[in-house]
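Reading through the structure tokens given below for one structure.
The values are calculated or read from the model by the stated rules, or taken from the named source; none is laboratory data. Since the structure is predicted, the reported quantities are computational estimates derived from the model, not experimental observations. FYI the Cβ positions are ideal-geometry reconstructions off the backbone, even for glycines, and counts take in every protein chain you see. These area figures cover heavy atoms from the full protein model, side chains too; ligands, DNA and RNA do not enter into them. Shrake-Rupley method; radii C 1.70, N 1.55, O 1.52, S 1.80 Å.
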Amino acid sequence: QSWRALLARLAMSAAITDAHLPTLAQPDSDPRIWLEDVTGEEALAWVKARNAAALSSFGNPSDSATYSRILEILDSKAKIPYIGRVLNGLYYNFWQDETHVQGIWRRCTLDEYRKAEPEWELVLDLDALSAESGVSWVWGGSIPLDEGPTVRKERVMIRLSRGGSDATVVREFDLDAKAFVAEREGGFALPEAKSRLCYKDRDTLLVGGVFGEGEMTDSGYPRSVWEWRRGTPLAEATKVYEGEQSDVSVGGFAYLDRGRRYELRYRSLTFYTSSYELKVGEAAWAPIPIPADANVGTFADQLLVTLRSAWLGHPAGALLAAPADGFMGAGDDAARSALLTPLFTPTETCSLEASTETKNYLVLSCLDNVVTECRFWRPLMP
């Protein structure tokens, strides 16, 4: 009976026309709503049937010379190992090839990295972990505990997803022991979810996205921020910030920026507008008084503001800097305007493409007459 129902579903899907699809007047009138159950038997059978039809029409990509050539390039041991993190003087790289299909996380010293064939130290083997657990784990990155430049970094939170899904499992990892920290030993572990998190301090996580549908926005992203203390159940975490159900997403994080401690909270009101609150050191929380469509960041003791619309005499597309303490304490726009330094101002031919950071420099990638140039800014540190 279930197979008959499935065949009927497949036949109905094949016969769907634009007239059957959802409209603004009837957004929930979707004859394919059953495909939302992405791991359900019927949905997976429908996907297999569509895949079979595509292979029948176009052939299997793995049979082509182009596919083999691309795979050879991706698996090449001649590619430059990308360094994702530098922790305690060790350079970390996540690597995949024909042997390490799921991948390995490894590290070495800078001197070793400069060699033609570095000798890497294995930190985590996802192929072995997948074989042991029976789950095809996909690397999702690491989030380090940063307690300052003089404190060794020996804990990270590692994200792993089942088969590459959007939802991830997050577990605490000991870099010295090269092992996950068991929950019974006080290790943090978050359930599978589209979570957001960071360390606030050694024994506290800022977390969102793991507290049920009621704590998600209508867009399906976290709506609140919670503090979770080590050694306590996740259910006992404390809510410290929340937005509206209609927001796109809500989040918060704490971090050290070249010795300066910041905590930032945000509400993404739309895809292009947000509101921010900032806490600098031991100061109180305060709204960041910038346009709703501006983006904000920090570099050392400076607040960085990227404009999407004109503001305080600066055009859309400009990048501005101001001392964070003074800007947050200024009483009005006139006082704030006097603190702003333009790091980039667009022209008819030049726009800001992107920015990145080194330890001491803010590097701007500017596009001038379709030619990229880099501009370097270094703050005058006290």
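Taking each full run of DSSP H in the chain as one helix, which ones are at least 24 Å long along their axis (Cα atoms) and have mean Kyte-Doolittle hydropathy of at least -1.0?
Once both thresholds are applied, what remains is 41-58.
Given the alternatives (1) -0.86; (2) -0.74; (3) -0.93, log10 I(q)/I(0) by the Debye sum over Cα atoms at q = 0.10 Å⁻¹ as computed for this entry is given by (3). Averaged over its residues, the chain has an accessible area of 58 Å² per residue, based on protein heavy atoms and a 1.4 Å probe. Segment 87-136 and segment 243-274 have Cα centres separated by 32 Å. Determine the share of the chain's accessible area contributed by carbon and sulfur atoms, expressed in whole percent, with a 1.4 angstrom probe. That share works out to 54 percent.
Peptides 172-178, 26-32 ordered by packing proxy, namely the average of other Cβ atoms within 10 Å per residue, highest first: 172-178, 26-32.
Full extension of the segment from Val240 to Ser351, taken as 0.36 nm per residue of separation minus the current Cα-Cα distance, would add 36.1 nm. For Lys239, the lysines whose Cα falls under 28 Å of its own Cα, not counting residues fewer than eight places away in the same chain, are Lys153, Lys194, Lys200, Lys279. Taking every alpha-carbon pair under 8 Å whose residues sit at least 6 apart, the chain reaches a relative contact order of 5 percent.
For segment 65-155, which GluC sites (Glu not before Pro) are in a loop by DSSP, counting at most 13 other Cβ atoms within 10 Å?
Filter output for segment 65-155: Glu98, Glu119.
Segment 206-242 and segment 318-382 have Cα centres separated by 34 Å. Treating r as the C-beta distance of Asp127 and Glu213 and R0 as 35 Å, the FRET efficiency rounds to 0.50.
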